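S.K.: My questions all concern the structure below.
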Amino acid sequence: MMSFLWPWSSSATGDHENDENPSENTPLHPSASDSNLEDIPEPQIDFLEDDEKEMTMGRRLALKFMDKSWYNPQAKDKTSTRYDLDVPNRMRSEDLGPPSLEKAWAYFEHFSLNRYISDDSAGIQNGKKSEPGHNQLNTKLYHPITTPHKDLGDFGLGVGLYFSILRYVSILTLICGLISIGNIRFFDSDYYLPESYRSHLPISLRGSATCTKTSWVPCTNCECVPEGIRLTAEELRNSPYLPAARCKVENNVTHALRNECGEIPLRVGLTHLTTVVVFLVALFSLGKFIVHETNYFDEDEQTAQDYSIRISNPPKTAIDPDQWYDFFYKNFNAKAAVVTCAVENDLLIKTLVERRECTRLIEMALGPEESTEDNNLAKIAAKIERDRNALDRWIARISAGMPELYSRLVTLDAKVKGLAQLDYHVTNVFVTFETEEDQRRVLSELSVGFWQSQINDRKAVPKEYLFDGERVLYVSEPDEPSAIRWQDLNVSYLKVVKLMIFSHMLSLISIVAVFFFIRYVDSHFSSVKVVSYTISIINSLFPYVAEALTGIEQYPAAGAVETSLFFKIAMFTSINTAIVLTMITPFTATLDDNQDGIIYKVSYLFWSEIVTTTLLQLADVSGHIKRHVLAPRAKTQDAMNLMFQGTVWRLAERYTNLIKFVLLCVWFCSIFPAAFFLCSISLGLKYYLDRFSLMRTWQRAPHFGTRVARASHAFFFPLIVVAMVVMGTVYWNGFPYDNICPANVEKGKYKYCYQDFRHAVRAHEYMDASQRTTERIFELASTIIFLIVSVKMIWQVLSGYKALYSSVYQPVGAHKTIPFSDLHIRSAYIPGVVSPLFAFPLIACHTESIDAELFDWRDPDHPHSFYDLSDDADKLLKHSALSDRGFSHIKCFKRRNSLYRYNSNDIVRERSSSDSSFEDWY
């Protein structure tokens, strides 16, 4: 008997019997007894003996209360926990003893959270990121405050770029705030609003265009909103009526409330225009900044992506990794370290994943000692279904019970048996070279336009670079291995586009529906608070809707999923925050100091983000409930570990929050210049708050690429600059926001006039000379900036179009000389699918031929073969009729690279006297 234990446990030894003739009772999934344990390194560091000073606060508290039955109901059970992998007819991952909360917390800190190597004996590896569960050298958790900014790239290039852009925009808004100090001082001066009026303003509104100096004046043609009728803000903008709060009738004479704040000098408008120019310059600098930061993070941390290429159009039958190795070695003198030939088995993988999840749900429904033999499962399912009443049957329609799960399992078994016997064509090949120089040379020499590869234009590359003498390969740099979505890797481009359009159309319909719903709420409720809370609630719920809509789409990379989700949430939040906020605010209430005033609302939004949202994120309520309430009551170690996976987060939502507050700032900065400082403070807090969450509470995420960063730069930031200058035109045009114009100044009479930009664009009778000049300057600036941004976006589209017909590969930065085999973390392109029911990815290929060092994760309880989906298919087919092309082929060439030497005309193979073959499979 053999047992695989945790890194902190002693291993048991004994005899192990192999069942060469499996019974008809096919196991739900491969037992650990069938696993190869040679990929488990000898443990050296005991995770249970971590220094308490290096532990999270949550773990310290848990250790303190772990012996209390009110906290840990299993505290009284002192049975030794041991993982026996040779248990007959027990095909599950659970242990025989009670789960250990102490081990679960160690799992949280060493497997779920990111750590770096902190060991003087590590040499150049010291300070580098460690793989999950690394137990050969001392490691520490990243510190949320003292971790250098450059180390944020250890969490993935996309994450590092997010923090860089966050800091970039925070500094940008701070600079614009400093430029706007003159405007803040003007609005806080006696010239604009006397001290007797300013003293009553809350400090959050000081320095804004809020105007409380008003007086009632006779208005010859003004009409008050009829009593009993409530008009929405939009209806008021398009009607000749004044709202009841600003209109009254005395002695049969209509009086209107007039704003009497000081006139706006030209220098105030020019100061605002300066901030617009700064934003425009920053927009064009942002592209170079992203390239610089990409190079900065990429050079600091070498990953498999830096050594790899992806071939998207290989010959359908080119499934032999040796064939690819020889091609690149002969033509480029480039030694491949690992070759992955991925096949078109998406449906098989999805079916196997669903089957694994089904078995896990069955295990969770059964008692810890219940047999999972097929006959026993059928008996249990039949008994439960027989004893159901009407209510139970109704509940089963909503939440599947044991009978439904077993029925689904039988169906999936039959489906797998059929799919596993089919042959599948090769659709993608991932080649990881031994050096980064080889990768760049191959990418440069084989780089062609997409369309050239589709029509197989043999003139696009030299003849010797044609694969098999006839195929033009389409080669590109792939995403990181953890970011590849293997279950959707082979979806056709046409299908991706169709699903994307369909999903975004549904998203657009949702946005329109919400817009009309808010208008309905605004027209039927007199309270602005109700509308504001409605907007806030919808903003918090829509990300779940957007995530469900994005789930319809099928992308081959996690970065593409995040980009699609980002577009949906960012568009919705932008419209539902700045635009809707403007539309539901009556025009004449723009400068009010009460809850109807738009400046008050914007200030409230910023301060709520600074205080409330910060406290909620720090509290991590759902994470603490899982770890401190649900985990101690879990029945198995696997179930307990799932509670310690960390809080789920999305990069798309982080970028959306960034866009939301920048847009909110620039939309209203003309009348609320202090918004620059509030935005800078909010983003600065987010920089450190998200660092804390990333290093202490958030779940590990795939290493996203640069897609979301490039999308924000290419689309949203240009629109933000346009919105900034256009809204400047609108707001400078609207002063003094009372819809009152002089009719006969000598007699003190006034008349109603439209000041809203849409109606007053050519009616400047209420403006003084400086306001009219400011408004015309901003109109001209809006036109110029709109043209500049349009040309920029068109150029980006044309650049993308150029990539269809010509090579666009450009290496970034200088290559490093560190060989792939010398990296402290070596991960290969191994097909895997993340499941919420498993702590580690399910592997969609044969694992017995893969070295454990090529995985970027390690399960403390099970070897990698436990997650091998191909083993499920093999057992269902009783080790026969399984197609060799049913799963991707992976091969490592570490030994061959040490034996080969290159001859200018041929490949010469050398071997030592002890080698009987050249088999390089691990």
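The values are calculated or read from the model by the stated rules, or taken from the named source; none is laboratory data. The structure presented is a predicted model; accordingly, all values stated were derived computationally and were not measured. Virtual Cβ from ideal backbone geometry, glycine too; neighbours counted across all protein chains shown. Note: accessible area is taken over every heavy atom of the protein model, side chains too, but ligands, DNA and RNA are not part of it. Shrake-Rupley method; radii C 1.70, N 1.55, O 1.52, S 1.80 Å.
S.K.: Given (1) modelled with pLDDT of 90 or more; (2) surrounded by 14 or more Cβ atoms within 10 Å (Cβ to Cβ); (3) within 30 Å of Val662 (Cα to Cα), identify the lone condition not met by Leu201.
M.R.: (1)
S.K.: Note down all Cβ pairs under 6 Å where the first residue falls in the range 757-777 and is closer than 12 Å to Thr729 by Cβ, the second is modelled with pLDDT of 70 or more and part of a helix (DSSP H, G or I), and they're at least six residues apart or on different chains.
M.R.: Correct list of pairs: Phe757/Val730; Phe757/Asn733; Thr774/Leu266; Thr774/Gly269; Thr774/Trp732; Glu775/Trp732; Glu775/Asn733.
S.K.: Just checking, which of Ser790, Ser770 is among the polar types (S, T, N, Q), modelled with pLDDT of 85 or more and over 20 Å from Ser670 (Cα atoms)?
M.R.: Ser790
S.K.: For the subset of the range 56-72 comprising residues that are of a type in the set (A, V, I, L, M, F, W, C) and touching a Phe, Trp or Tyr at 6+ places or on another chain (Cβ under 8 Å), which member is surrounded by the most Cβ atoms within 10 Å (Cβ to Cβ)?
M.R.: That would be Ala62.
Each row is one residue, and each column tells you yes or no for (1) under 20 Å from Lys53 (Cβ atoms); (2) among the basic types (Lys, Arg); (3) touching a Pro at 6+ places or on another chain (Cβ under 7 Å).
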position: Phe111; (1), (2), (3): no, no, yes
position: Pro132; (1), (2), (3): no, no, no
position: Leu141; (1), (2), (3): yes, no, no
position: Leu152; (1), (2), (3): no, no, no
position: Gly177; (1), (2), (3): no, no, no
position: Ser196; (1), (2), (3): no, no, no
position: Ile203; (1), (2), (3): no, no, no
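S.K.: Go through the residues of the range 899-922 one by one and say whether even a single one is open to solvent by 40 Å² or more (accessible area, probe 1.4 Å), under 30 Å from Ala106 (Cβ atoms), in a loop (DSSP other than H, G, I, E, B) and modelled with pLDDT under 50.
M.R.: There is at least one residue in the range 899-922 that is open to solvent by 40 Å² or more (accessible area, probe 1.4 Å), under 30 Å from Ala106 (Cβ atoms), in a loop (DSSP other than H, G, I, E, B) and modelled with pLDDT under 50.
S.K.: Among the residues that make up the range 605-615, is at least one of them open to solvent by 40 Å² or more (accessible area, probe 1.4 Å), among the hydroxyl-bearing types (Ser, Thr, Tyr) and at pLDDT below 85?
M.R.: There is at least one residue in the range 605-615 that is open to solvent by 40 Å² or more (accessible area, probe 1.4 Å), among the hydroxyl-bearing types (Ser, Thr, Tyr) and at pLDDT below 85.
S.K.: Restricting attention to the range 474-520, which residues are buried (at least 17 other Cβ atoms within 10 Å of the Cβ), touching a Leu at 6+ places or on another chain (Cβ under 6 Å) and not in a strand (DSSP E or B)?
M.R.: Ser503, Ser507
S.K.: Then there's this: Filter the range 804-846 down to the residues that are small (Gly, Ala, Ser), exposed (fewer than 14 other Cβ atoms within 10 Å of the Cβ) and either over 28 Å from the mean Cα position of the chain (by Cα) or on the phi < 0 side of the Ramachandran plot (or both) and list them by number.
M.R.: Ser806, Ala814
S.K.: If we scan the range 577-596, do we find a residue that is more than 30 Å from Tyr754 (Cβ to Cβ), open to solvent by less than 60 Å² (accessible area, probe 1.4 Å) and either at pLDDT 90 or above or β-branched (Val, Ile, Thr) (or both)?
M.R.: No - not one qualifying residue is present in the range 577-596.
S.K.: Residue under question is Ser285, and the condition is that it be open to solvent by less than 20 Å² (accessible area, probe 1.4 Å) and either at pLDDT 95 or above or hydroxyl-bearing (Ser, Thr, Tyr) (or both); does it hold?
M.R.: no
S.K.: Please pick out the residue among Thr573, Thr534 that is open to solvent by less than 20 Å² (accessible area, probe 1.4 Å), farther than 22 Å from Pro702 by Cβ and in a helix (DSSP H, G or I).
M.R.: Thr573
S.K.: Also, I was wondering about something else. Working carefully through the options Ile290, Ile311, find the one that is out of contact with any strand residue (DSSP E or B) (no Cβ under 9 Å at 6 or more places or on another chain) and over 30 Å from Thr774 (Cβ atoms).
M.R.: Just a single option satisfies the conditions, and that option is Ile290.
S.K.: Sticking with this structure for a sec: Tell me whether the range 437-451 contains one or more residues that are in contact with a helix residue (DSSP H, G or I) (Cβ under 8 Å, 6 or more places away or on another chain) and hydroxyl-bearing (Ser, Thr, Tyr).
M.R.: No, that holds for no residue.
S.K.: Just for the range 432-470: of the residues that are aromatic (Phe, Trp, Tyr) and within 32 Å of the chain's Cα centre (by Cα), which one is least open to solvent (accessible area, probe 1.4 Å)?
M.R.: Here the residue is Phe433.
Residue by residue, here is whether (1) open to solvent by less than 10 Å² (accessible area, probe 1.4 Å); (2) among the aromatic types (Phe, Trp, Tyr) holds:
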site: Trp324; (1), (2): yes, yes
site: Lys335; (1), (2): no, no
site: Thr340; (1), (2): yes, no
site: Val343; (1), (2): yes, no
site: Ile362; (1), (2): yes, no
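S.K.: Identify, by number, the condition in (1) closer than 30 Å to Pro478 by Cα; (2) of a type in the set (D, E, K, R); (3) touching a residue at least 60 places away in the same chain (Cβ under 8 Å) that Lys417 doesn't meet.
M.R.: Condition not satisfied by Lys417: (1).
Here is a yes/no grid of residues against (1) farther than 30 Å from Arg826 by Cα; (2) at pLDDT below 85; (3) not in a loop (DSSP other than H, G, I, E, B):
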{"position": "Lys68", "(1), (2), (3)": "yes, no, no"}
{"position": "Lys78", "(1), (2), (3)": "yes, yes, no"}
{"position": "Tyr83", "(1), (2), (3)": "no, yes, no"}
{"position": "Arg90", "(1), (2), (3)": "yes, yes, no"}
{"position": "Ser93", "(1), (2), (3)": "no, yes, no"}
{"position": "Pro98", "(1), (2), (3)": "yes, yes, no"}
{"position": "Ala104", "(1), (2), (3)": "no, no, yes"}
{"position": "Tyr107", "(1), (2), (3)": "no, no, yes"}
{"position": "Ala122", "(1), (2), (3)": "no, yes, yes"}
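S.K.: Same structure again: Tell me yes or no: at least one residue of the range 663-686 is farther than 26 Å from Tyr600 by Cα and surrounded by fewer than 19 Cβ atoms within 10 Å (Cβ to Cβ).
M.R.: No, the range 663-686 contains no residue that is farther than 26 Å from Tyr600 by Cα and surrounded by fewer than 19 Cβ atoms within 10 Å (Cβ to Cβ).
S.K.: Exactly one condition in (1) modelled with pLDDT of 85 or more; (2) part of a loop (DSSP other than H, G, I, E, B); (3) touching a helix residue (DSSP H, G or I) at 6+ places or on another chain (Cβ under 6 Å) is not met by Leu882; state its number.
M.R.: Exception for Leu882: condition (1).
S.K.: OK, next. Could you list, in sequence order, all residues of the range 714-746 that are of a type in the set (S, T, N, Q) and in a helix (DSSP H, G or I)?
M.R.: Thr729, Asn733, listed by residue number.
S.K.: State whether one or more residues within the range 649-660 are on the phi < 0 side of the Ramachandran plot and not in a helix (DSSP H, G or I).
M.R.: Yes: one or more hits.
S.K.: Something else about it: If you check Leu348, Leu412, which single one turns out to be touching a Cys at 6+ places or on another chain (Cβ under 9 Å), open to solvent by less than 30 Å² (accessible area, probe 1.4 Å) and under 19 Å from Ala873 (Cα atoms)?
M.R.: Leu412
Each row is one residue, and each column tells you yes or no for (1) open to solvent by 20 Å² or more (accessible area, probe 1.4 Å); (2) more than 34 Å from the chain's Cα centre (by Cα); (3) within 29 Å of Ser682 (Cα to Cα); (4) of a type in the set (Val, Ile, Thr).
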residue: Thr139; (1), (2), (3), (4): yes, no, no, yes
residue: Asp151; (1), (2), (3), (4): yes, no, yes, no
residue: Phe155; (1), (2), (3), (4): no, no, yes, no
residue: Gly160; (1), (2), (3), (4): no, no, yes, no
residue: Pro194; (1), (2), (3), (4): yes, yes, no, no
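S.K.: In addition: Give the number of residues within the range 115-135 that are in contact with a helix residue (DSSP H, G or I) (Cβ under 6 Å, 6 or more places away or on another chain) and open to solvent by 60 Å² or more (accessible area, probe 1.4 Å).
M.R.: Selection size over the range 115-135: 0.
S.K.: To continue, here is another question. Is it the case that some residue within the range 180-189 is more than 30 Å from Leu658 (Cβ to Cβ), of a type outside the set (S, T, N, Q) and not in a helix (DSSP H, G or I)?
M.R.: no
S.K.: Further question on the same structure: Of the conditions (1) open to solvent by 10 Å² or more (accessible area, probe 1.4 Å); (2) modelled with pLDDT of 85 or more, Tyr754 clears all except one; give me its number.
M.R.: All conditions pass for Tyr754, except number (2).
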